[in-house]
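Beneath this line is the structure, given in structure tokens, with notes to follow.
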Amino acid sequence: MPNTPDAEKFLLAAKRAEIRSLRQLAESCELVTAVSDLVHQLQRERGMSNIFLASGGARFRGQRQEQMDLVRRSSERLQRQLYLRYLKKEGAAGMRLLNSIAYSLQGLDDLDGLRVQVEQLAIAPLDSTRAFCRLIGGLLSIVFEAADVADDPAVTRMLVAMFNFMQAKEYAGQERAWGAIGFARSRFDSVLHDRLSHLQEAQHRSVEVFIEFAEASDQARWQGIENSPPAQDLNRLRRVIRGLADGEPIAAELSEVWYELATQRIDCMHSLEDHLAGRLLDISRQRVAQAESELEDHHARIHALKAIACPNTSPLTMLSDPEVPGLYGAGEGAAKEAAAERVPPAQGLTPNLARSIYDLIRGQAHRIKQMGDELNDARRALTERKQVERAKGVLMRNLGLSEAAAYRKMQRRAMACNLRLADVAATIIEIGEKAAEKSTQA
């Protein structure tokens, strides 16, 4: 069979496809940065609205108006990016990501109506907080979906780290809101104690995943935040709250102290979040530049090899490569023996064009496999999160539990059986599916 240039054409086409994918990923990282800013601004407005409502409109009126302007500007920037990225030029995006975007945009459309209710004191602090939390949760799902579809290991690890850190920061914001409600009421009942405890545990879980995937320098920055005076003062106030008996009164004026300490910690977290976002953009752009350089190198090497006039004696290198899977049951021993019998290639540019092109193909295939292994490791955290969320839903639906109670039930089961939480979640999902199947058959 005559030698054809198809192999080299597809080799270069594969590299160009990688570049297109990396460019799309870099644009997604820009989107994540815009989402991060909007979430932070909404978290601040949520906290101010909460204090405004709890004080009957006496506190944070001016600050709240200024914060609403910041939210509007941040929202406009994000919506402009979304339009350019996914509508004007119809960038590649999965169904779940686009649905998360649609869900969040609908929530942003309804935000002005919520603000009118807050201004008129026509909504309870808790209901206002819940509305803001739903909107922020929708925006965070955009980051989660962006991480779930990323196909570059370095960028995916950064996205996983950033998503979990943003989630921890959101739990910190919700803790600030619930604490403010308790202080405004001048008491913390058992339900409120339980919610605050759950939110502190949730922050810890998200930070654990962040630390697993973050760089050492980012881990050190986080430890600096936790050891800072505002965080230490906040911990002391947390202990005061935990020490209160059910319904024991506490001075309402402490709400501003609580809000200020919680806000200082959250602002420090946002500073680290901004740093992570900047690094994410740098890494994604570096990966594009690296892939473009590799494509130029492939072109240059193929051109140089074609300039060498020599006979092509062994075009079927893939068929004789012991590292390529083939004969079932041959095992590693057979591959090593065959490799030992081969004549080692000459140093430098080999005179065999087909063999040299094959070396490029095999090198790229090896790198793709390595990337796949690294991706599987990074996506494990995303998969386990989905399993835990599904399992919580099964318990909430079948046992009538709250989200916090469902999670604690899973956590206790994992500790009692010395299992990973994800393994317990998988078992609950399996049992739930079997029960649903039996119910359908009946």
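The values are calculated or read from the model by the stated rules, or taken from the named source; none is laboratory data. No experiment lies behind these values; they were computed from the predicted model shown. Positions of Cβ are backbone-derived with ideal geometry, glycine not excepted, and every protein chain shown enters the neighbour counts. Protein only, heavy atoms only, side chains kept; ligands, DNA and RNA dropped before computing areas. Shrake-Rupley method; radii C 1.70, N 1.55, O 1.52, S 1.80 Å.
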Label 7 Å along Cα→Cβ of ASP127; region 34-58 residues with amide nitrogen under 15 Å? 50, 53-54
For ASP359 and ARG390, what is the calculated FRET efficiency with R₀ set at 51 Å and r taken between the beta-carbons, to the nearest 0.05? 0.70
Keeping all protein chains in position, work out how much accessible area HIS275 exposes to a 1.4 Å probe, and write it in Å² to the nearest 10. 60
Note: ASP321 to LEU237 extended length (0.36 nm per residue) minus current alpha-carbon separation gives 23.6 nm
Output ³J(HN,Hα) for region 403-411: one whole-Hz value per residue in order, computed from phi by the Karplus curve 6.51 cos²θ - 1.76 cosθ + 1.60 with θ = phi - 60°, and x for Gly and Pro. 4, 5, 5, 4, 5, 5, 5, 5, 5
Computed accessible area, GLU256, all protein chains, 1.4 angstrom probe, square angstrom: 90
Report the calculated FRET efficiency for ASP282 and SER402 (r = Cβ-Cβ distance, R0 = 41 Å), to the nearest 0.05. 0.50
For region 11-148, what does the relative contact order come out to in percent, with C-alpha contacts under 8 Å and a separation of six or more? 36
Expressed as a whole number of Å, what is the distance separating the alpha-carbon centroids of region 383-439 and region 261-305? 37
Looking at region 87-243 from every direction and averaging, what is the projected area of its Cα convex hull in nm²? 11.8
Report the trypsin sites (Lys or Arg not before Pro) located in region 23-104 that are in a DSSP loop and have at most 12 other Cβ atoms inside 10 Å of their Cβ, or state none. LYS89
Restricting attention to region 183-217, which GluC sites (Glu not before Pro) occupy a DSSP loop and are surrounded by at most 16 other Cβ atoms within 10 Å? GLU215
Descending accessible area (1.4 Å probe), largest on the left, turns ASP423, ASP246 into ASP246, ASP423
Rounded to the nearest 20 Debye, what is the dipole magnitude of region 82-221 about its Cα centre when Lys and Arg each give +1 and Asp and Glu each give -1 at the C-beta? 280
Please report, in cubic angstrom per residue, the volume enclosed by the convex hull of the alpha-carbon atoms of region 192-270. 88
May I ask you to evaluate 6.51 cos²θ - 1.76 cosθ + 1.60, the Karplus curve with θ = phi - 60°, for each residue of region 425-433 and list the ³J(HN,Hα) values in order in whole Hz, giving x for glycine and proline? 4, 4, 5, 4, 4, 4, 5, x, 5
How high is the FRET efficiency between GLU248 and ARG72 when r is their beta carbon distance and R₀ equals 45 Å, given to the nearest 0.05? 0.65
Quick query: amide H of ARG187 versus all other amide H atoms, modeled in the peptide plane; which residues come in under 5 Å with a sequence gap of 5 or more or a different chain? ILE250
List, largest first, the extents of the alpha carbons of region 99-176 along their principal axes, each in whole Å. 49, 27, 12
